[in-house]
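Have a look at the structure below before the remarks.
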Amino acid sequence: MKTTQLTEMVVLGFAGVVLLAACGVEDTGPVVSPELEAMQADQVMFGLEYILQVNGVREAIIKADTSYHFRDSTVVYLRGHVELRSFDDQTGAGRAILTAQRARLDQANSSVTASGGAVLIVVEIDREIRSEEIHYAPQRNRVWSDSATCSREGDKVVEGSGFSANLNFTLVEVTNPRSRPGGDCG
């Protein structure tokens, strides 16, 4: 036998063994949760980066590991690590960073509802606000939560049943505030 024919036979034999071995592999099913599989999105994107604009001005940049888009809706569901960075519309300086496990982005009005351990960091004043769900609405100049909230500024901690603030964080109100000692919301 020639070397070429021998090589071909070895390659074909190896390919046959691989194919037979593959027939015995069981399908382990979907790699997403049943909730996400049931969504039946028209488009799924990985590594989303989206610029939120109000009247043509960049208001924020939102990033997510995974996004689910639907043809008949302006709503996009975000999953994995979700991060929203908001900017001052006059100076372009960073205002706040909002992180969560998931979010709902409404492209019609650029609003975001972040949920799953939402944390809002106000950059300039060392303020941290934690809540299970935080709403961000740039067209209404408002960020808020109706869920239990912990706000920390420096070593001052205030807990409440929610909060409301303007996007410059010059007006921040904690609903049913209760001060407590300690300098950590975690």
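For LEU167, the conditions (1) within 26 Å of ASP89 (Cβ to Cβ); (2) out of contact with any helix residue (DSSP H, G or I) (no Cβ under 7 Å at 6 or more places or on another chain) all hold with the exception of (2). Pairs are defined by a Cβ separation below 7 Å, a sequence spacing of at least 6 or placement on different chains, a first member in segment 84-95 that is touching a residue at least 60 places away in the same chain (Cβ under 8 Å), and a second member that is among the aromatic types (Phe, Trp, Tyr); the pairs so defined are ARG95/PHE87. From the list ALA148, ALA165, the one residue that fits, being of a type outside the set (Phe, Trp, Tyr) and in contact with a Ser or Thr (Cβ under 7 Å, 6 or more places away or on another chain), is ALA148.
A count restricted to segment 27-50 and to residues that are at pLDDT 90 or above and either in contact with a Lys or Arg (Cβ under 6 Å, 6 or more places away or on another chain) or outside any strand (DSSP E or B) (or both) stands at 1. A single member of SER164, SER86, SER179 is touching a strand residue (DSSP E or B) at 6+ places or on another chain (Cβ under 9 Å) and either basic (Lys, Arg) or at pLDDT 95 or above (or both), and it is SER164.
Can you name every one of the strands (runs of 3 or more DSSP E) wholly within segment 129-186 that holds 2 or more residues which are without any contact (Cβ under 8 Å) to a residue 40 or more places away in the chain and closer than 25 Å to PHE87 by Cβ?
It comes to 142-145, 149-153, 162-165, 172-175.
Conditions (1) exposed (fewer than 14 other Cβ atoms within 10 Å of the Cβ); (2) not in a strand (DSSP E or B), marked per residue:
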| residue | (1), (2) |
| --- | --- |
| GLN53 | yes, no |
| GLU59 | no, no |
| ILE62 | no, no |
| ASP65 | no, no |
| ASP72 | yes, yes |
| VAL76 | no, no |
| ARG79 | no, no |
| LEU84 | no, no |
| GLN90 | yes, yes |
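Identify, by number, the condition in (1) crowded, with 17+ Cβ neighbours inside 10 Å; (2) more than 26 Å from ARG79 (Cα to Cα); (3) of a type in the set (Lys, Arg) that ARG130 doesn't meet. Of the numbered conditions (1) crowded, with 17+ Cβ neighbours inside 10 Å; (2) more than 26 Å from ARG79 (Cα to Cα); (3) of a type in the set (Lys, Arg), the odd one out for ARG130 is (2).
Determine if segment 122-141 includes at least one residue that is within 21 Å of the chain's Cα centre (by Cα) and hydroxyl-bearing (Ser, Thr, Tyr). Yes, because at least one residue in segment 122-141 is within 21 Å of the chain's Cα centre (by Cα) and hydroxyl-bearing (Ser, Thr, Tyr). Residues in segment 136-161 that are over 22 Å from ASP106 (Cα atoms) and surrounded by 13 or more Cβ atoms within 10 Å (Cβ to Cβ): ALA148, THR149, CYS150, SER151, ARG152, GLU153, LYS156, VAL157, VAL158, GLU159, GLY160, SER161. Across segment 51-69, the qualifying residues are those that are modelled with pLDDT of 90 or more, out of contact with any helix residue (DSSP H, G or I) (no Cβ under 8 Å at 6 or more places or on another chain) and not β-branched (Val, Ile, Thr), and the one among them that is farthest from SER111 (Cα to Cα) is ASP65.
The values are calculated or read from the model by the stated rules, or taken from the named source; none is laboratory data. Small disclaimer: the values here were computed from a predicted structure and weren't measured. Note: ideal-geometry Cβ built from the backbone for every residue, glycine included; neighbour counts use all protein chains shown.
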